[in-house]
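Working notes, structure below.
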C-alpha cells in the first residue's frame, strides 16, 4: 500500500473519530462549535414534537387502549387537525370549595370565643364551614369594556356555574379545573369591527369571538338578549379550552352552540333546541356528512358552508345529550380528548371511543334528524 493511500485512510479515520467525539459532547450538553449544516440537522430533531401517548379514561365500559392507534399514522394524516399554534393551559388549577358561611370565629385575649359576620381587623380568625352541599369555585368572571348591567352579570354568573355542573356530570368533578372567564364587551358596532379586524381578522363574526391565545372573548353588546347568548357561547369556549384543551372544531363549536340556550333555576337547568338551526323540529341547513365534519379545519369553517358546519355540530351534540347511553358516549369522547390537552382526535379514535364506525353513527344521526320531536333537555 502506498504512503498516499495510508495517509488518506488515516485522515478519514481521524475525521470520523473527531466527529463522533463532537457528537457525544453535544449529547452531553457541552458547548461545542459545530458546522452550520450539522446544527441545522440537529435542531430539526430537537424541535420535532414527540409521539403523543394518551391514557384512556374509563367511563362505563373499559376501552382497549391498544385499539386506539393514538400515535398518528402516516396514512391517516388527513384525519389529523393538529393546530400549529403554541398549546397553552389557561386553567387556574384544581377546584376548591367556595366558602358560603361568611361567619367568623376567634378567641380574645381572655379566651372568650366570639362569632360574627364581620371579619375583625388584626386578629387571627377562622371561617365556619356550614353543613350542606359543597359549592365549588369553578371560575373567575372578569368583565371589561362596555358598562354591562349588574343583572346581566348575575344572570351570566349563574348560567356559567350551571354549565360547569353539566361538564361535571359528563366527566366528573375531579376532572374539572378552575377557569378564568375573561369577557370584553363593546357597545359600538364600529368599535367591535375595528377590534375584530385587529385581533381576529380571519373571523367573519358580527357578534363575538374567542381568542384562545389571550383567553379573552370579545362580544358586541347590541342588546341584553343577544349579548347574553353570545357571552354564553364564548364562555363555553373558555371552559373548553381550560378544562378539555385543544379540541376538534365540531366538538368545540357544537358544545358552545348547545349551551347557548341554557336557562337556569334554583335546582336545575333547561336547554332548549337552538332556533338558529332548528325550525319545527327540522334542521334549517343541509347537514354536513360526518366523515367531512369530524376532520374539518378552520378553513372549512370559514368557507361558504360555515352555517352548515355550525348547524350540524349543534345537532350532533344535541343528539348525544338526548339520552343517557348517548351522553356516556359523549363523556368518553371528551375524557379521551382531555387526556392529552394539546392533541385532537382522529376519526379512528372517535369510532373506537363511540363503539361504532362513522357509517353506523351517520345512520342513527340521520334517523334522529328526520324525527320532529326535539324536546328541551332538563339537566
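What follows draws every value from the coordinates through simple rules; no lab data is involved. Remember, predicted model here, so these are calculated numbers, not experimental data. As a convention, Cβ positions derive from the backbone with ideal geometry for all residues, glycine included, and neighbour counts pool all protein chains shown.
Once the chain from residue 371 to residue 223 is taken as fully extended at 0.36 nm per residue, the excess over their C-alpha distance is 49.9 nm. Between residue 173 and residue 282, the simple spin-label model (points 7 angstrom out along Cα→Cβ) gives 4.5 nm. Remark: the Cα gyration tensor places segment 321-379 in the oblate category, a/c being 1.5 or greater and a/b not exceeding b/c.
Among 293-302, 306-315, 233-242, sorting by the average number of other beta carbon atoms lying within 10 angstrom of each residue, highest first, gives 233-242, 306-315, 293-302. Each residue, residue 324 and residue 302, gets one label point 7 Å from its Cα in the Cβ direction; the gap between the two is 4.5 nm.
On the principal axes of its alpha carbon atoms, segment 190-341 extends 46, 36, 32 Å, with the longest extent given first. Model label points for residue 142 and residue 268, set 7 angstrom from Cα along the Cα-to-Cβ axis, are 3.7 nm apart. With 0.36 nm allotted per residue and the present C-alpha distance subtracted, the residue 107-residue 188 stretch has 23.7 nm of extension available.
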